[in-house]
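To start, the structure under review is shown below, and the notes come after it.
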Amino acid sequence: MTNGLCKAERLHRKLTIDRMFAGGNSRSFSVYPLRAVYMPAEELEASASVMISVPKKRFKRAVKRNYIKRQVREAYRLNKHELSARLAENGQKLAIAFIYQSDDLYPTAEIADKVKLLLARISEKLS
């Protein structure tokens, strides 16, 4: 398995995103400063597709929003293997959205720890 984050692993289909946030079979929980929303989605190409959102309401400058997105994306990229292996052995596909909830910037190591914790919880809930 590669360590990259290819196009198939990025959640970009509007229909899937709308279905995820409309409720129904999606689940969510928070590990401050991040919130994870996930749902099973069979139409995806990869075993797990990810979307990262940083609200403009919290950070007006695009530079800061992009910085946070890069932090979360890198943390996911480095820690996705356990979740991907669990999904592959169960034959499931998952759509995941990470939403940043804080008004403050956090160090990259702290964001990585939170993403790792979120992925472990998602993996735990699937079994």
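For region 95-111, which residues satisfy the criterion of being out of contact with any Ser or Thr (no Cβ under 6 Å at 6 or more places or on another chain) and crowded, with 18+ Cβ neighbours inside 10 Å? Once the filter is applied, which keeps residues that are out of contact with any Ser or Thr (no Cβ under 6 Å at 6 or more places or on another chain) and crowded, with 18+ Cβ neighbours inside 10 Å, region 95-111 yields 96, 97, 98, 100, 111.
Condition check ((1) surrounded by 15 or more Cβ atoms within 10 Å (Cβ to Cβ); (2) touching a residue at least 60 places away in the same chain (Cβ under 8 Å); (3) within 29 Å of residue 105 (Cβ to Cβ)) across all residues:
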site: 5; (1), (2), (3): yes, yes, yes
site: 11; (1), (2), (3): yes, yes, yes
site: 25; (1), (2), (3): no, no, no
site: 49; (1), (2), (3): yes, no, yes
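Among the residues of region 42-71, those that are of a type in the set (A, V, I, L, M, F, W, C) and within 23 Å of residue 3 (Cα to Cα) comprise 44, 46, 48, 50, 51, 52, 68. Considering every residue within region 23-41, establish whether at least one is within 15 Å of residue 5 (Cα to Cα) and of a type outside the set (D, E, K, R). Within region 23-41, none of the residues are within 15 Å of residue 5 (Cα to Cα) and of a type outside the set (D, E, K, R). Taken over region 88-104, residues that are in contact with a Lys or Arg (Cβ under 7 Å, 6 or more places away or on another chain) and either free of Cβ contacts under 8 Å to residues at least 60 places away in the same chain or under 22 Å from residue 42 (Cβ atoms) (or both) amount to 1. Pairs are defined by a Cβ separation below 8 Å, a sequence spacing of at least 6 or placement on different chains, a first member in region 109-127 that is touching a residue at least 24 places away in the same chain (Cβ under 8 Å) and closer than 18 Å to residue 94 by Cβ, and a second member that is of a type in the set (Val, Ile, Thr) and not in a helix (DSSP H, G or I); the pairs so defined are 117/31; 118/31; 121/31; 122/96.
The strands (runs of 3 or more DSSP E) falling completely within region 10-127 that include 3 or more residues that are at pLDDT 95 or above and under 15 Å from the mean Cα position of the chain (by Cα) map to 34-40, 48-53, 94-100. For region 51-70, the tally of residues that are over 26 Å from residue 18 (Cβ atoms) and touching a residue at least 12 places away in the same chain (Cβ under 8 Å) stands at 2.
The values are calculated or read from the model by the stated rules, or taken from the named source; none is laboratory data. Nothing here was measured: the structure is a model prediction, and the numbers come from that model. Every residue, glycine among them, receives a Cβ derived from its backbone with ideal geometry; neighbour counts consider all protein chains shown.
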